[in-house]
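The values are calculated or read from the model by the stated rules, or taken from the named source; none is laboratory data. What you are looking at is a predicted structure, and each value in this text was computed from that prediction instead of being measured. Positions of Cβ are generated from backbone atoms using ideal geometry, with glycine treated the same way; all protein chains shown enter the neighbour counts.
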């Protein structure tokens, strides 16, 4: 498997095609995953810059940036500020199969995946409440503070939301559960992240996250399960209001 030099990511032969209008982010992610799992890149290799990827795919740089952010959350790439985006040295063995069907989900399958995510998040919160460390409680609280400070910047609010849930998954101390959640949340993010559309919805989400945080910090599994169940119900209602067939 060839290794491409860090200082020359353009040396990579890009087998990418212009994407259809209206499907930019999902299609960019799909093509990048195909590229990154093809063996063309050695683990740790740097990807071409956003500008080159955008030109090759025929999309805006924002679509490429959003796609790379999703891949970072998924654990396939790592973004190093001032340096570039790199293929991670290792990824979950669960990812290839999940990705192969996940990106092609129909609206009905997306709704079913949302149900699966709900169950996984509730289980993670329950485990985390009995296994979380003091340092992890502090980290969870820092994400709550970021959410409070970014109610008028929904992009940053959503990022803090994602980090909050990732921390819960990590604190659950179950690698399989963590990897499943990482895959499911990242796939859903491509379609339903924009379900949080205004400050009022953000305030509701913040209150629910505070409830989850307080239950986990109190190391109360039953309260954590109940708080996450409420949050998943609200989040599901927001998704249900979206046109998933669009």
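Hey, among 52, 31, which residue is assigned by TED's automatic domain parsing to the domain that holds residue 70, surrounded by 15 or more Cβ atoms within 10 Å (Cβ to Cβ), within 22 Å of the chain's Cα centre (by Cα) and at pLDDT 70 or above?
Working: 52 fails: within 22 Å of the chain's Cα centre (by Cα).
None of the others qualify; the one that does is 31.
In this structure, is residue 22 on the phi > 0 side of the Ramachandran plot, modelled with pLDDT under 70, within 21 Å of the chain's Cα centre (by Cα) and exposed (fewer than 13 other Cβ atoms within 10 Å of the Cβ)? Walk me through how you get there before you give the answer.
Values: on the phi > 0 side of the Ramachandran plot: yes; modelled with pLDDT under 70: yes; within 21 Å of the chain's Cα centre (by Cα): yes; exposed (fewer than 13 other Cβ atoms within 10 Å of the Cβ): yes.
Criteria met by residue 22.
Here is a yes/no grid of residues against (1) at pLDDT 85 or above; (2) closer than 30 Å to residue 35 by Cα; (3) in contact with a strand residue (DSSP E or B) (Cβ under 9 Å, 6 or more places away or on another chain):
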| site | (1), (2), (3) |
| --- | --- |
| 56 | yes, yes, no |
| 84 | yes, yes, yes |
| 98 | no, yes, no |
| 108 | no, yes, no |
| 117 | yes, yes, no |
| 123 | yes, no, no |
| 129 | yes, no, no |
| 135 | yes, no, no |
| 148 | yes, no, no |
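Quick one: what pairs do we get from the stretch 114-125, first residue assigned by TED's automatic domain parsing to the domain that holds residue 182, second outside any helix (DSSP H, G or I), C-beta under 9 Å, 6+ apart or different chains?
Taking only residues 6 or more apart or on different chains, the pairs are 123/172; 123/174; 124/172; 124/174; 125/172.
Per-residue answers, yes or no, for (1) at pLDDT 95 or above; (2) outside the structural domain of residue 123 (by TED's automatic domain parsing); (3) closer than 22 Å to residue 137 by Cα; (4) surrounded by fewer than 21 Cβ atoms within 10 Å (Cβ to Cβ):
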{"position": "187", "(1), (2), (3), (4)": "no, no, no, no"}
{"position": "193", "(1), (2), (3), (4)": "no, no, no, yes"}
{"position": "199", "(1), (2), (3), (4)": "no, no, no, yes"}
{"position": "223", "(1), (2), (3), (4)": "yes, no, yes, yes"}
